[in-house]
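Colleague: Before anything else, here's the structure in question.
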Amino acid sequence: MNEPVPVALRGVSFAYEDGPPVLTGLDFAVREGRALALLGRNGSGKTTLMRLLSGGLRPDSGELTVEGRAVRYDRKGLTALRTTVQLVVQDPDDQLFAASVGQDVSFGPLNLGLSDTEVRARVTEALAALDITALADRPTHLLSYGQRKRTAIAGAVAMRPRVLILDEPTAGLDPDGQERLLATLDGLRDNGTTVVMATHDVDLALRWADDVALLTPSGAHTGPAAGMLARTDLLAAAGLRLPWGVAVARLLRERGWLAGDAAGPRTAEELAALRVP
Ligand SMILES: Nc1ncnc2c1ncn2[C@@H]1O[C@H](COP(=O)(O)OP(=O)(O)OP(=O)(O)O)[C@@H](O)[C@H]1O
Ligand SMILES: [Mg+2]
């Protein structure tokens, strides 16, 4: 529990103009190297929380911290924030605007004032990481939805952030597209990027995340994924069902087929591979 905290919200309250409070006194920390899934019902404030973490919105009270220090929302502070945290919004059409894939992905690094060589290296690396090198010259308006999503993520990856935040990245992807995206995110994790995603998919969260944050009316409850996703009280408060894998693990334990401290199967493949005595 002692990993550094690259970015956190401390006692943050936020309401949109003329709207009711969305978040009140929220404490939320992203711990280095821990894949974090953020879950909560529609309208619970996941997107708002992510925009507060990436500096797109400012808290009404409380603070956003980078490495424990409060962020200043001036140009210098926001540039430092952008190299620490990158947000990929849910709808790629809200993020893409350049004529071609390569141009779009190069926009962020160019804005950092990096040399042409450095920008090119980063774009090449980000396109390769997202498996879209072949699309570099393709006009963005001709891309499929899944390709637009990958391009939007590549644009964030090209900034080489310490923390990559994705708002419902698997929504709208077909099963193979989801698998490829998860493999891509694993690759980024292996290279030291801390990945945070909002999702409504409890089974995906169980399988992918180290930690889970459940956003409920009483605040954000964060802890190791398997434990949090077995908390029926919190799941109900967050409008979520019990993950399939948690229910199976319970049954296996009751039958004595799984040791009390062993991790249960998280996918159908892991269940099929399970050897029961
Ligand atoms: N731009 C905005 N102006 C005013 N109110 C907003 C705005 N964006 C969101 N809200 C309100 O803030 C609350 C939280 O919305 P938010 O989008 O953060 O929820 P969410 O958890 O991401 O939901 P979903 O699962 O549907 O994506 C909702 O009540 C919503 O209506
Ligand atoms: Mg949302």
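Colleague: Report, by residue number, each residue of the range 186-214 that is touching a Pro at 6+ places or on another chain (Cβ under 6 Å) and either within 16 Å of ligand 2 (Cβ to nearest atom) or β-branched (Val, Ile, Thr) (or both).
Modeller: Across the range 186-214, the qualifying residues are 197, 202.
Colleague: A further question on this structure: So which of 25, 33, 55 is in contact (Cβ under 8 Å) with a residue 40 or more places away in the chain, away from ligand 2 (no atom under 16 Å from the Cβ) and either closer than 21 Å to residue 219 by Cα or part of a helix (DSSP H, G or I) (or both)?
Modeller: 25
Colleague: So residue 43 fits all but one of (1) among the small types (Gly, Ala, Ser); (2) in a helix (DSSP H, G or I); (3) within 27 Å of residue 24 (Cα to Cα); (4) without any contact (Cβ under 8 Å) to a residue 12 or more places away in the chain; what number is the exception?
Modeller: For residue 43, the exception is condition (2).
Colleague: Sticking with this one: Restricting to the range 49-89, count the residues that are within 16 Å of ligand 1 (Cβ to nearest atom) and either charged (D, E, K, R) or farther than 23 Å from residue 13 by Cα (or both).
Modeller: 3
Colleague: Among residues belonging to the range 218-248 that are assigned to a loop (DSSP other than H, G, I, E, B) and without any contact (Cβ under 8 Å) to a residue 40 or more places away in the chain, point out the one that is surrounded by the fewest Cβ atoms within 10 Å (Cβ to Cβ).
Modeller: Step by step, filter the range 218-248, then rank; the result is 218.
Colleague: Next question. Would you mention how many residues in the range 179-210 are free of Cβ contacts under 8 Å to residues at least 12 places away in the same chain and assigned to a helix (DSSP H, G or I)?
Modeller: Residues in the range 179-210 being free of Cβ contacts under 8 Å to residues at least 12 places away in the same chain and assigned to a helix (DSSP H, G or I): 4 in total.
Colleague: Does any residue of the range 131-148 turn out to be touching a strand residue (DSSP E or B) at 6+ places or on another chain (Cβ under 9 Å) and under 25 Å from residue 202 (Cα atoms)?
Modeller: Within the range 131-148, none of the residues are touching a strand residue (DSSP E or B) at 6+ places or on another chain (Cβ under 9 Å) and under 25 Å from residue 202 (Cα atoms).
Any read-out appearing in this document is the output of simple, stated calculations on the displayed coordinates, not a laboratory observation. Because the structure is a prediction, the values reported are computed rather than measured. Note that each Cβ is placed from the backbone with ideal geometry, even for glycine, and that neighbours are counted across all protein chains shown.
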